[in-house]
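The values are calculated or read from the model by the stated rules, or taken from the named source; none is laboratory data. Remember, predicted model here, so these are calculated numbers, not experimental data. Cβ placement follows ideal geometry from the backbone for every residue including glycine, while neighbour counts extend to all protein chains displayed.
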Amino acid sequence: MTAASSHPAKRLPSWAVNLLILALIGIAWPLSRLFEAQIDRYFLDLIIRIGIAVILAVSLNLINGITGQFSLGHAGFMALGAYTAGVIVKHQAPTGAAAIPLFLSVTILAGLIAAAAGFLIGIPTLRLRGDYLAIATLGFGEIIYVVLTKIQSLGPYEVGGAAGLHDIPILTSFFWVFAWSIICTVTIWRLVYSAKGKAFCAVREDEIAAAAMGVDTTFYKVTAFVIGAFFAGVAGALAATWSGNLAPGSFRFMRSVEIVVMVVLGGSGSITGSILAAIVLTWLPEQLRPLEQWRMVIYSLLLIVMMLVRPEGLLGARELWWTRKRLGPAGAAADPPPV
């Protein structure tokens, strides 16, 4: 063992890291005011949609990439969060200083309702594996769509049915989307790269072997499902209170496929890869918009070429930076700890 490797570089204490995260979120408040005043509405809308896509991709990566499940129902959880926030906000119609606490509580409530649905769906279905799990979660998403098209109202609360829900007050801003993107990424990052995160990865690598070693595979799969569903519900609440309109058809099967493509393109298991893929796949169609009818053809061809060239995704299972000191000095492998 070299002298340099025996004295690894000191890491920042947890309180310093937490302060940096809070400072990063705090910076978003003046930036939000600046963007709303200076940036064109079209580009601000693109930035907001990128932030929402980041939340969806990172949260689904915990289910599909980290835990190794194949869920096609993420759009269903997003729909639950979107309609929960949209219905309540439209009915309450907050204004002034009262809008901020109501919006924050409604966003959290939307996430909790989606998480509860994830728990109720996860208990019976996550004993399934592979294609069977994908079909079960796909069926859940379609059930959510059918229910939303049939319900016109819930008591005094308008839902809209097949026509959708419209005239929702606009409460989402760059600050809220940026803050929730950071919260989602940091939460899942710390969960995955912790001692408990090894169990999620063990379920992905070999579920039978993990169960034989004492890992409660059903618990960890349901946990991943619940956490992913919570942030999908939050993303839906942000989308509803930004666009001001909701249509049940926008949360069908193809929406789930778009989120799965982000996870696969970024690299299953890579959190930073999901962030990069969410940015690219939200930004790229807008850049191809001048090509009109050829836009989606070129977009699809680029995805096919990417999968042929790098089938493991942009980053594979790696991150943009090391989360642990896996390498010693000059890139050499660090010596293992003494037994």
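So, in segment 20-76, of the ones that are of a type in the set (Gly, Ala, Ser), farther than 30 Å from Glu207 by Cβ and surrounded by fewer than 24 Cβ atoms within 10 Å (Cβ to Cβ), which residue ends up nearest to the chain's Cα centre (by Cα)? Steps first, answer last, please.
Step one: of segment 20-76, the residues of a type in the set (Gly, Ala, Ser) are 23, 26, 28, 32, 37, 51, 53, 57, 59, 65, 68, 71, 73, 75-76.
If we keep only those that are farther than 30 Å from Glu207 by Cβ too, we end up with 23, 26, 28, 32, 37, 51.
In the following step, the residues that additionally are surrounded by fewer than 24 Cβ atoms within 10 Å (Cβ to Cβ) were identified as 23, 26, 28, 32, 37.
Working: Ala23: 22, Gly26: 21, Ala28: 19, Ser32: 21, Ala37: 28 Å.
Step by step, filter segment 20-76, then rank; the result is Ala28.
A search for C-beta distances below 6 Å between a residue of segment 74-91 that is more than 8 Å from Gly236 (Cβ to Cβ) and outside any helix (DSSP H, G or I) and any residue that is of a type in the set (Phe, Trp, Tyr) and modelled with pLDDT of 95 or more, counting only pairs 6+ apart in sequence or on different chains, returns nothing. Restricted to segment 157-204, and to residues there that are surrounded by fewer than 19 Cβ atoms within 10 Å (Cβ to Cβ) and of a type in the set (D, E, K, R), the residue that is farthest from Phe230 (Cα to Cα) is Asp167.
Selection of first residues in segment 220-244 that are among the charged types (D, E, K, R) and of second residues that are modelled with pLDDT of 90 or more, restricted to Cβ pairs under 9 Å at least 6 apart or on distinct chains, gives the following pairs, ordered by first then second residue: Lys221/Ile63. Being at pLDDT 90 or above, touching a Ser or Thr at 6+ places or on another chain (Cβ under 8 Å) and part of a helix (DSSP H, G or I) is the requirement here; does Leu60 meet it? Criteria met by Leu60.
Taking segment 149-253 and the helices (runs of 4 or more DSSP H) fully enclosed by it, the elements with 3 or more residues that are within 20 Å of Phe77 (Cβ to Cβ) are at 174-192, 217-243. Does Leu165 satisfy the criteria of being among the hydrophobic types (A, V, I, L, M, F, W, C), closer than 15 Å to Tyr83 by Cα and either modelled with pLDDT under 85 or in contact with a strand residue (DSSP E or B) (Cβ under 8 Å, 6 or more places away or on another chain) (or both)? So Leu165 passes the test.
List every residue pair whose Cβ atoms lie under 8 Å apart, where the two residues are 6 or more positions apart in sequence or sit on different chains, the first residue falls within segment 103-117 and is in contact (Cβ under 8 Å) with a residue 24 or more places away in the chain and under 21 Å from Ile170 (Cβ atoms), and the second residue, located anywhere, is buried (at least 23 other Cβ atoms within 10 Å of the Cβ) and among the aromatic types (Phe, Trp, Tyr). Sorted first by the residue in segment 103-117, then by its partner, the pairs are Phe103/Trp176; Thr107/Trp176; Thr107/Trp180; Gly111/Phe230; Gly111/Phe231. Any chance segment 83-105 includes a residue that's farther than 23 Å from Ala210 by Cβ, at pLDDT 85 or above, small (Gly, Ala, Ser) and surrounded by 24 or more Cβ atoms within 10 Å (Cβ to Cβ)? Checked against the condition, which is being farther than 23 Å from Ala210 by Cβ, at pLDDT 85 or above, small (Gly, Ala, Ser) and surrounded by 24 or more Cβ atoms within 10 Å (Cβ to Cβ), segment 83-105 yields at least one hit.
Flag: Ile275 matches the condition of being under 30 Å from Ile143 (Cα atoms) and crowded, with 21+ Cβ neighbours inside 10 Å. In this structure, is Tyr145 closer than 15 Å to Ala235 by Cα, assigned to a helix (DSSP H, G or I), under 21 Å from the mean Cα position of the chain (by Cα) and of a type in the set (Phe, Trp, Tyr)? Taking the combined requirement at face value, the residue does not satisfy it. Considering Ile50, Ile39, the condition of being under 22 Å from Leu315 (Cα atoms) and not polar (S, T, N, Q) is satisfied by Ile50 alone.
Restricting attention to segment 113-138, which residues are part of a helix (DSSP H, G or I) and touching a Phe, Trp or Tyr at 6+ places or on another chain (Cβ under 7 Å)? Spell out the reasoning first.
So in segment 113-138, the residues part of a helix (DSSP H, G or I) come out as 113-125, 130-138.
Ala114, Ala115, Ala117, Gly118, Ile121, Gly122, Gly130, Leu133, Ala134, Leu138, listed by residue number.
Across segment 225-267, which residue is nearest to Phe200 (Cα to Cα) among those that are small (Gly, Ala, Ser) and surrounded by fewer than 21 Cβ atoms within 10 Å (Cβ to Cβ)? Before you say what the answer is, go through the steps one by one.
Filtering segment 225-267 down to residues small (Gly, Ala, Ser) leaves 228-229, 232-233, 235-237, 239-240, 243-244, 247, 249-250, 256, 266-267.
Filter once more, keeping what is surrounded by fewer than 21 Cβ atoms within 10 Å (Cβ to Cβ): 243-244, 247, 249-250.
Details: Ser243: 35, Gly244: 37, Ala247: 35, Gly249: 33, Ser250: 31 Å.
Step by step, filter segment 225-267, then rank; the result is Ser250.
Of all residues in segment 161-201, exactly one satisfies the criterion of being within 27 Å of Val146 (Cα to Cα), of a type outside the set (Val, Ile, Thr) and in contact with a Gly (Cβ under 6 Å, 6 or more places away or on another chain), namely Leu165.
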